[in-house]
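The values are calculated or read from the model by the stated rules, or taken from the named source; none is laboratory data. Only a predicted model underlies this, so the values are computations on that prediction, with no experimental measurement involved. A quick note on method: Cβ atoms are made from the backbone with ideal geometry, for glycine too, and the neighbour counts reach across all protein chains shown. Ligands, DNA and RNA are stripped out before the accessible areas are found, and what is left, the full protein with its side chains, is counted by its heavy atoms. Shrake-Rupley method; radii C 1.70, N 1.55, O 1.52, S 1.80 Å.
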Amino acid sequence: MNHSITGHTGLICLLGSPCSHSISPMMHNASFETLDLDYRYLAFDVNEEALPAAVRGLKALGARGFNLTMPDKNRMVSLCDELSPAAEIIGAVNTVVNENGTLIGHNTDGVGYMRSVKDAGYDITGKKMTLLGAGGAATAILVQAALDGVSEISVFVRKTSRFYQRAEKTAETLMARTACRITLCDFSDHRLLKKELAESFIITNATSMGMAPDIETSPIPDASWLADGLIVSDIIYNPKETRLLSMAKKKGLPCFGGTYMLLYQGAEAFRLWTGKDMPVDFIKSKFFAG
């Protein structure tokens, strides 16, 4: 296979600030080479102020598409010509596809989480989820889980949180559009949290509690809160095993972390741009092993 850059090579990129730490360029370029696709993926440090000019430039250049990371996801919504249902409800875009000059915004974070659930061997369609948090990642998971047929979601967020009103609006929109029942719960109500965990099929930690460097923290203080048979998931990928997952493992509960959510959100973006499936087994072995 000839992987030289030519006059036909298509541009796909990542916009954010900072973004030099991202694994996305390695993932996508390795996938392009494996499938012999004539694209290259680059990362550009672009903040919110510079984003409109960068987007106009990429559109003028005919770039096939691009990813957005912080702090650009919310700002990108108003710069798109069209939005996917998930991106519209979430109010954030992490993937843009350029369809002959029309910029279509998507949010693949929730898809990434739902595919990571399936990858771990579980089907949560028609089941109850307890979701911890209401930030950007939590909102994407909430929206996609409801769209994909999760029957009931209890969202724990502190009433003093700056995300609480957004969570209320998102829940109202989802219950109007889907059959999912969504209840907002106060994170400080430990009795209620224990009750919801006892009734849930899966718990999803979408907060930053347990993320490096604060690896000793956990949204659930004690393993006794985790009911027998409960699937325990954490979207954090650094460390790979958070304190929450460690507690679940010691109790013998099924559990998984956030590493493959990162992989599968990228895989969904790859599919949207190219129409082909990312070679995820190869990418797992090359970048996610160990």
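What about Glu196, is it over 21 Å from Val93 (Cα atoms), part of a helix (DSSP H, G or I) and at pLDDT 95 or above? The answer is yes for Glu196.
Selection of the range 137-171 for residues being in a loop (DSSP other than H, G, I, E, B) and either surrounded by 22 or more Cβ atoms within 10 Å (Cβ to Cβ) or touching a residue at least 24 places away in the same chain (Cβ under 8 Å) (or both) yields Asp148, Gly149, Val150, Ser151, Val157, Arg158, Lys159, Ser161, Phe163. For the range 4-22, indicate whether the set of residues that are open to solvent by 20 Å² or more (accessible area, probe 1.4 Å), part of a helix (DSSP H, G or I) and not hydroxyl-bearing (Ser, Thr, Tyr) is non-empty. No, the range 4-22 has no match at all. The set of residues from the range 46-98 being farther than 20 Å from Gly112 by Cα and touching a helix residue (DSSP H, G or I) at 6+ places or on another chain (Cβ under 7 Å) comprises Val46, Glu48, Leu51, Pro52, Val55, Arg64, Arg75, Leu79, Asn98.
Out of the residues in the range 199-209 that are β-branched (Val, Ile, Thr) and either outside any loop (DSSP other than H, G, I, E, B) or open to solvent by 80 Å² or more (accessible area, probe 1.4 Å) (or both), which is nearest to Ala137 (Cα to Cα)? Even if it seems obvious, please write down each step before you answer.
Filtering the range 199-209 for residues β-branched (Val, Ile, Thr) gives 202-204, 207.
If we keep only those that are either outside any loop (DSSP other than H, G, I, E, B) or open to solvent by 80 Å² or more (accessible area, probe 1.4 Å) (or both) too, we end up with 202-204.
On the way: Ile202: 17, Ile203: 15, Thr204: 11 Å.
By that ranking, first place goes to Thr204.
The condition (being modelled with pLDDT under 95 and over 20 Å from the mean Cα position of the chain (by Cα)) is satisfied by just one residue among Pro213, Pro239: Pro213.
Sort through Glu88, Glu49 and tell me the only one that's closer than 20 Å to Ser17 by Cα and free of Cβ contacts under 8 Å to residues at least 24 places away in the same chain.
Only one candidate qualifies: Glu49.
Entry remark, the range 105-128: residues being out of contact with any Leu (no Cβ under 8 Å at 6 or more places or on another chain) and within 22 Å of Gly91 (Cα to Cα) number 6 in total.
For (1) small (Gly, Ala, Ser); (2) within 18 Å of the chain's Cα centre (by Cα), each residue gets a yes or a no:
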residue: Ala43; (1), (2): yes, no
residue: Pro52; (1), (2): no, no
residue: Gly62; (1), (2): yes, no
residue: Val77; (1), (2): no, yes
residue: Ala92; (1), (2): yes, yes
residue: Asn100; (1), (2): no, no
residue: Arg115; (1), (2): no, yes
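For Leu174, the conditions (1) part of a loop (DSSP other than H, G, I, E, B); (2) open to solvent by less than 40 Å² (accessible area, probe 1.4 Å) are fulfilled apart from (1). Listed by position, the strands (runs of 3 or more DSSP E) contained in the range 39-136 that have at least 1 residues being more than 20 Å from Cys180 (Cα to Cα) and open to solvent by 20 Å² or more (accessible area, probe 1.4 Å) are 39-45, 95-99, 102-106.
Can you list the helices (runs of 4 or more DSSP H) found entirely within the range 210-284 that contain at least 1 residues being open to solvent by less than 40 Å² (accessible area, probe 1.4 Å) and in contact with a strand residue (DSSP E or B) (Cβ under 6 Å, 6 or more places away or on another chain)?
Answer list for the range 210-284: 243-250, 259-274.
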